[in-house]
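S.K.: Take this structure first; my questions come after.
The values are calculated or read from the model by the stated rules, or taken from the named source; none is laboratory data. As the structure is a computational prediction, the values presented were derived from the model and not from experiment. Here the Cβ positions follow ideal geometry from the backbone for every residue, glycine too, while neighbour counts run over all protein chains shown. When the accessible area is computed, the model is the full protein with side chains, heavy atoms only, and any ligands, DNA or RNA have been set aside. Shrake-Rupley method; radii C 1.70, N 1.55, O 1.52, S 1.80 Å.
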Amino acid sequence: MNAAASVNKPKIPWAFIAKVILVILIIFSHLHFEHEIEQRKLLAQILKGLYSFLIPSILLSMVRFLVIILYNARNSIKRERGNFVLGINRLTAVLNTVFLVIAIMTAFGINPKDFITSITIVAMAIAVIFKDYITNMISGLIVMFSEQLSVGDRIQVGDHKGRIIDITFANLVLQDEEDDIVMVPNNLVFTSTFMNLSAHQSSLFTVKFELPLEVSLHLEELEEHLRLSLITHPNLEFKEDEFQVKVLDIGKDFVRYKIDLYAVTNSNRMHRNIENEILKEIIKFERNILRSS
C-alpha cells in the first residue's frame, strides 16, 4: 500500500464510539442503580455533568458528519477551493469545549446561566483584554469558511510570503522559501495587502544564489545558458519574455541573484528538485568560467 492510500484511508471515529459507549453505560447504571445514585448527591451531579457534555457532543458529531458528507457530495465533481471541512472541525472543537465547561459547572452544582450572569462585568473586562485574540479567532473562522485561500496555497501577506500549511484560530501557519515556519496573525489578511500566488494553475517560485564578482561579469552568458537549459523543462511553464536573472544584492566580493519561475504544480518537492537542477547548472557554469580565467 502506498503513502497516498494510507493517508486517504478513512479513520475510525474512536472518540465518537467511546462517547456513545459511555452514554450507554451511564444509562444502564441509572436504570439498575437509580436508588443508590440518588443517595450519593456528588455522584448524581457528576453523572448529570457527563450527560450535559456527552449527549450534545454526540449530536454535534452526528451533525458535523452529515454536513461534511453533504458538502463532499455536492462538490464531488468540481474542484472546490477553501477550507470548509477545516472550519467545521475547528468550530466543532470550540463547541465541544463550551459543552465541557458547562458539564464541569453542572458536576459541581453550579448553574451555568447564573454563573454567566454573575460574571458579566468580568467577562466584558476579559473581552477587552483578549480583544486581539478574539478578533483573530473571528478572522480565522472567516478565512476557514471563505474560498479566497486554502491550505497549500502560496500567499503573500504584507512582508510575509510562503505556503499555507495550517490555519488556526490565531494564525496562518506559513512555510517560507527557506522552509522556516512563520506564524502570521489572521487579522493581517484583512488589514494589509494580501495576494494569493496560487490562484492560477501554475505556481511561482524563486531560486536564489550568489556568484563571485569575476563570474558575475559573465551574467549575460549565464542567463543565456540557463534559458537554453530551462526552455524545454517538462515541469516548468517557461515564459521566455519574462525570464531574467535579477540582482538582489552586491557585496564586497560577490553578487546575489534571483530567478522567478513558474512550475506546473504547487508541489514543494517539485520546486526543490527544479531549484536543485538549476543550482547544479550554475555551479557548472561558475566552474567553467573560473577554469578559463
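S.K.: In the stretch 271-278, is there at least one residue being assigned to a strand (DSSP E or B), within 17 Å of Ser203 (Cβ to Cβ) and free of Cβ contacts under 8 Å to residues at least 60 places away in the same chain? It would help to see each step written out before you state the result.
M.R.: Residues of the stretch 271-278 assigned to a strand (DSSP E or B): none.
Within the stretch 271-278, not a single residue is assigned to a strand (DSSP E or B), within 17 Å of Ser203 (Cβ to Cβ) and free of Cβ contacts under 8 Å to residues at least 60 places away in the same chain.
S.K.: Just one of (1) open to solvent by less than 40 Å² (accessible area, probe 1.4 Å); (2) free of Cβ contacts under 8 Å to residues at least 40 places away in the same chain; (3) under 30 Å from Arg154 (Cα atoms); (4) of a type outside the set (D, E, K, R) trips up Pro112, so point out which.
M.R.: (3)
S.K.: Kindly provide the set of residues from the stretch 249-287 that are closer than 24 Å to Glu237 by Cα and either polar (S, T, N, Q) or more than 36 Å from the chain's Cα centre (by Cα) (or both), ordered by number.
M.R.: Those that are closer than 24 Å to Glu237 by Cα and either polar (S, T, N, Q) or more than 36 Å from the chain's Cα centre (by Cα) (or both): Thr265, Asn266, Ser267, Asn268, Asn273, Asn276, Lys284, Phe285.
S.K.: Look through Leu204, Leu236, Leu217, Leu174 and report the one residue that is under 30 Å from Ile289 (Cβ atoms), at pLDDT 85 or above, in contact with a strand residue (DSSP E or B) (Cβ under 8 Å, 6 or more places away or on another chain) and not aromatic (Phe, Trp, Tyr).
M.R.: Working: Leu204 fails: at pLDDT 85 or above; Leu217 fails: in contact with a strand residue (DSSP E or B) (Cβ under 8 Å, 6 or more places away or on another chain); Leu174 fails: under 30 Å from Ile289 (Cβ atoms).
Checking each option against the conditions leaves just Leu236.
S.K.: If you don't mind, there's one more thing I want to ask. Are there any pairs, at least 6 apart or on different chains, whose C-beta atoms fall under 7 Å, with the first in the stretch 83-103 and open to solvent by less than 50 Å² (accessible area, probe 1.4 Å) and the second of a type in the set (A, V, I, L, M, F, W, C) and not in a helix (DSSP H, G or I), and if so, which?
M.R.: Close Cβ pairs satisfying both conditions: Asn83/Val151; Asn83/Ile167; Leu86/Val151; Leu86/Ile167.
Results for (1) at pLDDT below 85; (2) among the aliphatic types (A, V, I, L, M); (3) on the phi < 0 side of the Ramachandran plot, shown as yes or no for each residue.
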residue: Ile17; (1), (2), (3): no, yes, yes
residue: Ile24; (1), (2), (3): no, yes, yes
residue: Phe33; (1), (2), (3): yes, no, yes
residue: Glu38; (1), (2), (3): yes, no, yes
residue: Lys41; (1), (2), (3): yes, no, yes
residue: Ala44; (1), (2), (3): yes, yes, yes
residue: Ser52; (1), (2), (3): no, no, yes
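S.K.: I've got another one for you. Would you be able to say whether some residue in the stretch 147-163 is hydroxyl-bearing (Ser, Thr, Tyr), open to solvent by 30 Å² or more (accessible area, probe 1.4 Å), in a loop (DSSP other than H, G, I, E, B) and closer than 28 Å to Met270 by Cβ? Before you say what the answer is, go through the steps one by one.
M.R.: Going residue by residue through the stretch 147-163, those that are hydroxyl-bearing (Ser, Thr, Tyr) are 150.
Now restrict to residues that are open to solvent by 30 Å² or more (accessible area, probe 1.4 Å): none.
Taking every residue of the stretch 147-163 in turn, none turns out to be hydroxyl-bearing (Ser, Thr, Tyr), open to solvent by 30 Å² or more (accessible area, probe 1.4 Å), in a loop (DSSP other than H, G, I, E, B) and closer than 28 Å to Met270 by Cβ.
S.K.: Further, regarding this structure: Quick one: in the stretch 35-49, of everything that is within 20 Å of Ile24 (Cβ to Cβ), open to solvent by 60 Å² or more (accessible area, probe 1.4 Å) and among the hydrophobic types (A, V, I, L, M, F, W, C), which residue is farthest from the chain's Cα centre (by Cα)? Even if it seems obvious, please write down each step before you answer.
M.R.: Going through the stretch 35-49, the residues within 20 Å of Ile24 (Cβ to Cβ) turn out to be 36-37, 43-44, 46-49.
Checking the rest, the ones that are also open to solvent by 60 Å² or more (accessible area, probe 1.4 Å) come to 36, 43, 46, 48.
Adding the requirement that they be among the hydrophobic types (A, V, I, L, M, F, W, C) leaves 43, 46.
Working: Leu43: 42, Ile46: 37 Å.
By that ranking, first place goes to Leu43.
S.K.: Can you tell me which residue within the stretch 218-252, out of those that are assigned to a loop (DSSP other than H, G, I, E, B) and of a type in the set (Val, Ile, Thr), is least open to solvent (accessible area, probe 1.4 Å)?
M.R.: Kept after step one, since they are assigned to a loop (DSSP other than H, G, I, E, B), are these residues of the stretch 218-252: 218, 231-235, 237-245, 251-252.
After this cut, where a residue has to be of a type in the set (Val, Ile, Thr) as well, the list is 231-232, 245.
Numbers: Ile231: 76, Thr232: 111, Val245: 8 Å².
Step by step, filter the stretch 218-252, then rank; the result is Val245.
S.K.: Only one residue in Glu242, Glu214, Glu224, Glu177 is within 19 Å of Tyr257 (Cβ to Cβ) and within 17 Å of the chain's Cα centre (by Cα), so which one is that? Before the answer, list the steps.
M.R.: Numbers: Glu242 fails: within 17 Å of the chain's Cα centre (by Cα); Glu214 fails: within 17 Å of the chain's Cα centre (by Cα); Glu224 fails: within 17 Å of the chain's Cα centre (by Cα).
Residue meeting the stated conditions: Glu177.
S.K.: Just to check your reading of the model, which residue among Val215, Val255, Val189 is of a type in the set (A, V, I, L, M), without any contact (Cβ under 8 Å) to a residue 60 or more places away in the chain, open to solvent by less than 70 Å² (accessible area, probe 1.4 Å) and not in a strand (DSSP E or B)? Break it down stepwise before answering.
M.R.: Working: Val215 fails: without any contact (Cβ under 8 Å) to a residue 60 or more places away in the chain; Val255 fails: not in a strand (DSSP E or B).
Of the residues listed, the single one that is of a type in the set (A, V, I, L, M), without any contact (Cβ under 8 Å) to a residue 60 or more places away in the chain, open to solvent by less than 70 Å² (accessible area, probe 1.4 Å) and not in a strand (DSSP E or B) is Val189.
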